[in-house]
Protein chains: 2
Amino acid sequence: MYRTNTCGELNLTNVDEKIVLSGWVNKIRKMGGMTFIDLRDRYGVTQLSFNQEVNPDLYNQANKLGREWVISVEGIVSERSNKNLNIPTGEIEIIANNLIILNESKTPPFTIETNTDGGDDIRMKYRYLDLRRNIVRQNLEVRHKMTIETRKYLDELNFMEVETPVLIGSTPEGARDFVVPSRMNQGEFYALPQSPQLFKQLLMVSGFDRYFQIVKCFRDEDLRADRQPEFTQIDCEMSFVNQEDILNTFEGLTKHLFKSLKGIDVPDFPRISYADAMKYYGSDKPDIRFDMKLVEMKDLTTDRNFVVFDSAEYVGAICVEGCAVYTRKQLDQLTDFVKRPQVGAKGLIYLRYNEDGTLKSSVDKFYSEDDLKLWAERCNAKPGDLILVLAGETEKTQKQLSDLRLEMASQLGLKDKNNYKCLWVVDFPLLEKDEELERFFAKHHPFTSPKPEDIHLLDSDPAAVRANAYDMVINGVEVGGGSIRIHDSEMQNKLFSVLGFTPERAQEQFGFLMDAFQYGAPPHGGIAFGLDRLVSLFVGLDSIRDCIAFPKNNSGRDVMIDAPSRIELEQLEELGLSIIKPKV
Amino acid sequence: MYRTNTCGELNLTNVDEKIVLSGWVNKIRKMGGMTFIDLRDRYGVTQLSFNQEVNPDLYNQANKLGREWVISVEGIVSERSNKNLNIPTGEIEIIANNLIILNESKTPPFTIETNTDGGDDIRMKYRYLDLRRNIVRQNLEVRHKMTIETRKYLDELNFMEVETPVLIGSTPEGARDFVVPSRMNQGEFYALPQSPQLFKQLLMVSGFDRYFQIVKCFRDEDLRADRQPEFTQIDCEMSFVNQEDILNTFEGLTKHLFKSLKGIDVPDFPRISYADAMKYYGSDKPDIRFDMKLVEMKDLTTDRNFVVFDSAEYVGAICVEGCAVYTRKQLDQLTDFVKRPQVGAKGLIYLRYNEDGTLKSSVDKFYSEDDLKLWAERCNAKPGDLILVLAGETEKTQKQLSDLRLEMASQLGLKDKNNYKCLWVVDFPLLEKDEELERFFAKHHPFTSPKPEDIHLLDSDPAAVRANAYDMVINGVEVGGGSIRIHDSEMQNKLFSVLGFTPERAQEQFGFLMDAFQYGAPPHGGIAFGLDRLVSLFVGLDSIRDCIAFPKNNSGRDVMIDAPSRIELEQLEELGLSIIKPKV
């Protein structure tokens, strides 16, 4: 028998019991005639003690062990004289009377500690050692618990988990698909799903009523820090519901997850329209842990001969509490920040509302003290606050103000990772115009339904049509999004035509869905959550990478197993493929 | 609001309530001034009633509805005069006072009934309609429930579900991989996993202790009726365990599934060695719902000048209860059965033990009545029984007797689908010789550990080495299998060499696993269950297809979405690939 107990459970109630533990040698401490070993497994750490006088052979054996060796130890649980009250097993130790080496270990290339000395690259190459670190394993424990609790909640509400296929057909719309050549149908390809969207809608047509799936999805995109070629969604769909039913159901799920995983009662989620989100936060995923809303200033700034503001479509400000004391240097740094290409502003105007009530701005020569007072009033500024103003084209400037707002929140330490602020953003526009291609694309996807009251605008003013679409946002992160779908084939055809699909192309790509809609499709809608992001938010990670057991790097490589890799020529021939040289 | 209730829950306790239901028109019955509609949703069927006299407009509307239209109805729950006690809602009906048509439907190409008139092909093309049939949806409900209960059971035992990657590296060993060309690493390919084997072993090296995953796996094989290119495994691995621990844990899981899904208490699973399974059943997945064990007869049949038996390595029989009355024609049909190429026997010898105690055999001229009496005794035959004898090369003949045994069980109705007989087959051989290639292959996979007492045979008699490998078999179906793994890199290297891998090739293919084993790998082992097969067994299906929502046909095609399909030339070029003409 390898063990009677784990390394995380023995305490004073077990004193004098004869036990067997197995695990990894975490630490070895030698102190004059005594050797202490911290034995580690997934459940905790237990101290083993070896006494030279009592058992010299065993003591010598213990002294030969190395870090990360795997051993099995038999011994007696004893009360420790030198207690460690920080860990559950800290009041006892094991007086060892037998020791078996199950496996030796080379010295690991980095320390197996929460604060490791290993850099990103080496940790990824030896991911199996990196996963030994408590902090990484704990992320995956949260992930496990989140999926267990999600399934529990949804199962109780009669949602059925249905597996949809991974080998499906390619759709040229949207992001790039990963494809899989078919050997049995040479020259043809499967595609890996970017989401089970069409299948979950078909399940609604099938009368499944409430579907969910925790499912891998795939996108062949150029990767950014927070993107992975394979990612996991909590994918859901319901029939005979309106938007309100879906928001309530999944607000309920999210509250359940906060309660069961973190013991937090989050209050009801505020709802904000997309239009207001842009107006007040310059973002469709506002971080509402802090205020600093965008304030429109155009009317207060015109006709004072300041050409920057006069020529701007939009002038907007944020009021930063208590920052009137910012030095010239700090303000210059903020100017540099907004002028970075990622932000893209031309410059930054400030107005200091000093503690003594005086006003000092970088555009004093254009604006009188009375003008500036009006600015301060509009911003609800108090003495001691700093007002930062940007100007330009409306959407771009709002976005720049949003970036500045988030930067100021970081500088002021307002982004408390343990303060969770959830909200719904609703009433997204249905369509988005690609100015270059001069055509409309679906903002969400082409199955999203327009708001009934906006349908009449589909021909005359497509950009003004709002959708029954919604996103859940937590602390500035979009964790989920969805929509009420079109369930009627006439409306679906109409939308395809607005999106510039010929009937033939629509039939070719989505024919089976349009066929299905002719056989009694119920009203339906759904949502999908990004599990990776949700977990990283719950554990306070900035990147999703460390809540994925075996992630890929930014070139889409798994450096541990060295994939992708070349395959044998024979295999290529079986698939009827050959590799061409890349175009120069 | 689309509904206050579902179609499966209203009964006499709801009489006089004002309710709203939504669903599909399942049946319309018109009887002089009354129209009755069965409204169906996932939860059941509720009768709606429309009275011409009371509400002629509504009555006329109802009469225009067609099969599978989606409607929403408001009405009052009333006691029915003509009760249907076969369904939970059969004592009430809804007196409709409002009707909204949510969607019309074309006439479905087959009837949405348990016994449909639709053939396989049309059902697959319109799978979304096929899934409306109760019987198909119920299979998927069992599947959902099985995954929920599996996770519940394993979570309570501290198993952690960890998602392993879908985009991995290709390994030329074993079945053929599906590959995925990489755009970012042109000329290189990912492979889709045939199982998460290597990753789950790495998770044990990481100290995850108890892992599971319900996971899609992929195999590019030529498909048989019961194979799908993508299938789902319940994949598990444990550390610091021996074989007994694993058998007990997963026998426990299986018992839990039988109890929670079917209310059945299955007794402890018998264990049988691979050698005995072959000897007594001619199969490594014996169906023990019935007896009819194989009986060895060689010693009783030699030296009587019957050259067929004299020249045979093996002579074996089964005793079929009560079949002495089989006619000449029936026996000829059995002979035809064993001579089919799929079975491959040369002929069949019978011995009738008639009710009157006389013995009649097809080889009377070679064997005396005393000889035949010994046969009957050896077979424990009673008057009325039929003994069927085959002869030839041992393994082949045992296999043929197994086929014959299963055929007789079918003819005698002994394969009761509601009688579940579970067992473990243990002590599989470690290696299997490919006679043509004259080399050994791993019977299970190359990470399976040999039994310690057989290790000394690895060089001298590899075929005799038994493995710590086991299969769970239910009613003749292998539902799961696994092994205790090698955890020590020296033994792993030894095995690779027995399997004919050069050190370079082993390093190239499994280098990361062998590296990992040098950093403190714990003793570990695991098992994987075929979820599709387990579900089909629980619901009594012969094929796994109808417990998969969207299966593929025998050419690997999804005929509903028409995948795989051609992709755009641009996409191919981005991948650096071109399609070559298949070799003639």
Fill in: Members of region B:511-558 that are open to solvent by less than 10 Å² (accessible area, probe 1.4 Å), within 12 Å of chain A (Cβ to nearest Cβ) and within 30 Å of residue A:129 (Cβ to Cβ)
B:511, B:513, B:516, B:517, B:520, B:521, B:522, B:523, B:524, B:525
Worksheet item: Within region B:91-112, which residues are assigned to a loop (DSSP other than H, G, I, E, B) and more than 14 Å from chain A (Cβ to nearest Cβ)?
Response: B:91
Fill in: Failed item in (1) closer than 15 Å to residue B:36 by Cβ; (2) more than 13 Å from chain A (Cβ to nearest Cβ); (3) among the aliphatic types (A, V, I, L, M), with residue B:73 passing the rest
(2)
Discussion item. Condition (residue is among the aromatic types (Phe, Trp, Tyr), open to solvent by less than 40 Å² (accessible area, probe 1.4 Å), touching a residue at least 60 places away in the same chain (Cβ under 8 Å) and over 20 Å from residue B:214 (Cα atoms)) applied to region B:93-110: is it met by at least one residue?
Written reply: no
Practice prompt. Within region A:41-61, track down each residue that is surrounded by 14 or more Cβ atoms within 10 Å (Cβ to Cβ) and over 17 Å from residue A:80 (Cβ atoms).
Written response: A:41, A:42, A:43, A:52, A:55, A:58, A:59, A:61
Discussion item. Against the definition (crowded, with 20+ Cβ neighbours inside 10 Å, within 14 Å of chain A (Cβ to nearest Cβ) and within 44 Å of the chain's Cα centre (by Cα)), how does residue B:9 come out, yes or no?
Written reply: no
Fill in: The lone exception for residue A:242 - which of (1) within 14 Å of chain B (Cβ to nearest Cβ); (2) surrounded by 18 or more Cβ atoms within 10 Å (Cβ to Cβ); (3) not β-branched (Val, Ile, Thr) it fails
(2)
Discussion item. For region B:164-180, give me the residue count where each residue is in contact with a strand residue (DSSP E or B) (Cβ under 6 Å, 6 or more places away or on another chain) and facing chain A (nearest Cβ under 7 Å).
Written reply: 8
Discussion item. For region A:274-295, check the following and say yes or no: at least one residue is outside any loop (DSSP other than H, G, I, E, B), among the β-branched types (Val, Ile, Thr) and closer than 30 Å to residue A:412 by Cβ.
Written reply: yes
Fill in: Subset tally (residues that are in contact with a Ser or Thr (Cβ under 9 Å, 6 or more places away or on another chain), touching a residue at least 60 places away in the same chain (Cβ under 8 Å) and open to solvent by 20 Å² or more (accessible area, probe 1.4 Å)) for region B:420-475
4
Fill in: Scope region A:62-86; condition surrounded by 15 or more Cβ atoms within 10 Å (Cβ to Cβ), in contact (Cβ under 8 Å) with a residue 40 or more places away in the chain and outside any strand (DSSP E or B); matching residues
A:65, A:67, A:68, A:69
Worksheet item: Restricting attention to region A:139-159, and to residues there that are more than 16 Å from the chain's Cα centre (by Cα) and of a type in the set (D, E, K, R), which single residue is surrounded by the most Cβ atoms within 10 Å (Cβ to Cβ)?
Response: A:151
Practice prompt. Mind listing just one residue for me: the one in region A:113-128 that is in contact (Cβ under 8 Å) with a residue 60 or more places away in the chain and in a helix (DSSP H, G or I) and, of those, nearest to the other protein chains (Cβ to nearest Cβ)?
Written response: A:128
Practice prompt. Give region A:187-213 a look and list any residue that's farther than 30 Å from residue B:25 by Cα and facing another protein chain (nearest Cβ under 9 Å), or say none.
Written response: A:187, A:188, A:189, A:190, A:191, A:192
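Per-residue answers, yes or no, for (1) touching a residue at least 24 places away in the same chain (Cβ under 8 Å); (2) in contact with a helix residue (DSSP H, G or I) (Cβ under 7 Å, 6 or more places away or on another chain):
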| position | (1), (2) |
| --- | --- |
| B:241 | yes, no |
| B:244 | no, no |
| B:258 | yes, no |
| B:265 | no, yes |
| B:287 | yes, yes |
| B:307 | no, no |
| B:316 | yes, yes |
| B:321 | yes, no |
Practice prompt. Could you run through region B:200-222 and say how many residues are open to solvent by less than 10 Å² (accessible area, probe 1.4 Å) and without any contact (Cβ under 8 Å) to a residue 40 or more places away in the chain?
Written response: 2
Worksheet item: When region B:267-296 is examined, which residues are found to be more than 10 Å from residue B:421 (Cα to Cα) and touching a Cys at 6+ places or on another chain (Cβ under 8 Å)?
Response: B:292, B:295
Worksheet item: Counting residues that are over 27 Å from residue A:513 (Cβ atoms), which strands (runs of 3 or more DSSP E) fully inside region A:401-461 reach at least 1?
Response: A:422-426
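The values are calculated or read from the model by the stated rules, or taken from the named source; none is laboratory data. Since the model is a prediction, treat every value here as computed from it, not as a measurement. As a convention, Cβ positions derive from the backbone with ideal geometry for all residues, glycine included, and neighbour counts pool all protein chains shown. Accessible surface is based on the protein model in full, side chains and every heavy atom, while ligands, DNA and RNA are left aside. Shrake-Rupley method; radii C 1.70, N 1.55, O 1.52, S 1.80 Å.
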